[in-house]
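Student: This is the structure I have questions about; it appears just below.
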Amino acid sequence: PRASRIRGGDRRRSFARMEAPASLPAEVNAAAASIPAPTVAPTPPPPPPVGSLVWCKVQGYPWWPGKLLSRPSETVVKVRFFETGVDVKVPAAPAAVVGFEHKLALCDDEAIKKSCKKPALRKALAAAVQQAQQPGAAEVAAAEAAAEAAAAERAAELAAAWRYEGHPHIGRRVARPFGKALAYGTITRWAPPDPTAGDDLLFHIDHDDGDSEDLDEAEAAAAVRRWEGSAEASRLETKRKREAERAEARQGKEAAKRQRLEVKLAAQKQKEGRGQAAAGG
């Protein structure tokens, strides 16, 4: 125990004799300076508002200027490209859409050349950038977004008003002229007139090519008449008649077959009856 106290005392005296260095050695300072500062992730740009100019990225294509028309959901935005007029839906994330002001460097001619290898695509992108930079482009974007919102509101109102039965036009075929060709479709639903909103009687057409449109009463009647006089209607009517004739012929053959079988069964029963009568006599 005594030796332990001596060792503890020596330790306390040795600590008292220690002095703090006036400064760190130069090598230590240099090593500390060479340690890289911790990296801080850049703050992502805020989501652009509806009706603003944006840059949009679609897989396989360079960043493209456009107009943010709407936000169909919390995770998806709808953008209309400049120059092409194409509408696309992309994720509502900085990797897919950012405000136009956040990528102004992409407007440079060298940046356009670097991002587009094909001359036609490069020309289209340059035209799109020029359109986005025109005075009043932001106002046009806001107006188109307002029209998109009004159309969506109108579509929601119609969705509640559409009826799928109760009108003789339901199921009727129609033909609509588009250029030199005719587009064929079917009337699938109708909406009664709404005098308070100033809405006329409407008919919804689902075209065979996947497109659709709404027609008023006069337009729908004209489309029905155009279908009735079309070559396609004549072809289908001829096909329908041929199928009906073939079905009638099949039914006739089946009826004749049944009749022959019935005659055969009757003759067989008569023969059996005569045999039984002869055996009983």
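Student: May I ask you to derive the FRET efficiency for ALA95 and ALA127 from their Cβ-Cβ distance with R0 = 22 Å, giving the value to the nearest 0.05? It would help to have the intermediate numbers written out before the result.
Tutor: On the way: r = 25 Å, r/R0 = 1.13.
Given R0 = 22 Å and the Cβ-Cβ separation, E is 0.30.
Student: Given springs between every Cα pair under 10 Å in a Gaussian network model of the chain, which of PRO119, PRO48, PRO65 has the largest fluctuation?
Tutor: Among PRO119, PRO48, PRO65, the largest mean-square fluctuation in the Gaussian network model of the chain belongs to PRO119.
Student: Calculate, in nm to one decimal, what ALA147 and LYS241 gain on full extension: separation in residues at 0.36 nm each, minus their alpha carbon distance.
Tutor: Details: separation 94, 0.36 × 94 = 33.84 nm, distance 4.80 nm.
Length difference between fully extended and current span is 29.0 nm.
Student: Right, next: Around LYS113, what is the net charge, scoring Lys/Arg as +1 and Asp/Glu as -1 over all other residues with Cβ under 13 Å from its Cβ? Intermediate results must be reported in sequence, preceding the final value.
Tutor: Working: positive: LYS114, LYS117, LYS118, ARG122, LYS123; negative: ASP108, ASP109, GLU110.
That works out to +2.
Student: Tell me, in nm to one decimal, what length is gained between LYS253 and PHE178 on full extension, where the rule is 0.36 nm per residue of separation less the Cα-Cα distance?
Tutor: Details: separation 75, 0.36 × 75 = 27.00 nm, distance 4.62 nm.
22.4 nm is the gain from fully extending LYS253 to PHE178.
Student: Next up: Compare ALA149, ALA181, ALA92 in a GNM of the chain, Cα atoms joined below 10 Å, and give the one with the largest fluctuation.
Tutor: ALA181
Student: Summing +1 for each Lys or Arg and -1 for each Asp or Glu, what net charge is found among the other residues whose Cβ lies under 12 Å from the Cβ of PRO91? Write down the numbers at each step before the final one.
Tutor: On the way: positive: LYS57, ARG71, LYS78, LYS89; negative: GLU74.
Local charge sum for PRO91: +3.
Student: About its Cα centre, what dipole magnitude does segment 100-220 give when the only charges are +1 on Lys and Arg Cβ and -1 on Asp and Glu Cβ, stated in debye to the nearest 20? Provide the component values of the computation, followed by the final result.
Tutor: Details: 14 positive and 22 negative charges, 196 e Å.
Dipole about the Cα centre, nearest 20: 940 debye.
Student: I need the calculated FRET efficiency for the pair LYS264 and ALA160, taking r as the beta carbon distance and R₀ as 41 Å, to the nearest 0.05.
Tutor: Numbers: r = 64 Å, r/R0 = 1.57.
The pair LYS264/ALA160 has a calculated efficiency of 0.05.
Student: What whole-number value in Å² describes the accessible area per residue of the chain for a 1.4 Å probe? Please report the intermediate quantities before stating the final value.
Tutor: Working: 19910 Å² over 281 residues.
Result: 71 Å² of accessible area for each residue.
Student: Still on this structure, please answer the following. Count the lysine pairs in segment 49-117 that are 8 or more places apart or on different chains: how many have C-alpha atoms under 13 angstrom apart?
Tutor: Details: LYS57/LYS67; LYS57/LYS78; LYS57/LYS89; LYS57/LYS103; LYS67/LYS78; LYS67/LYS89; LYS78/LYS89.
For segment 49-117, the number of qualifying lysine pairs is 7.
Student: Among the lysines, which have Cα under 28 Å from the Cα of LYS264 when same-chain residues fewer than 8 positions away are ignored?
Tutor: LYS253
Student: Taking the Cα centre of the chain as origin, work out the dipole magnitude from +1 charges on Lys and Arg Cβ and -1 charges on Asp and Glu Cβ, in debye rounded to 20. Working shown, then result.
Tutor: Details: 44 positive and 37 negative charges, 486 e Å.
About 2340 debye.
Student: Within 13 Å, Cβ to Cβ, of ALA277, how many net charges do the neighbouring residues add up to if Lys/Arg are +1 and Asp/Glu are -1? Present the calculation step by step, with values, prior to reporting the outcome.
Tutor: Details: positive: LYS269, LYS271, ARG274; negative: GLU272.
Taking every other residue near ALA277 into account, the sum is +2.
Student: Pick out which of PRO94, PRO168, PRO44 has the largest mean-square fluctuation in a Gaussian network model of the chain, springs linking Cα atoms closer than 10 Å.
Tutor: PRO168
The values are calculated or read from the model by the stated rules, or taken from the named source; none is laboratory data. Predicted model only: the values in this text are computed from it and were never measured. Quick reminder, even Gly has a Cβ in these numbers, built from the backbone with ideal geometry, and neighbours come from all protein chains shown. Surface accessibility is based on the protein's heavy atoms, side chains included, excluding ligands, DNA and RNA. Shrake-Rupley method; radii C 1.70, N 1.55, O 1.52, S 1.80 Å.
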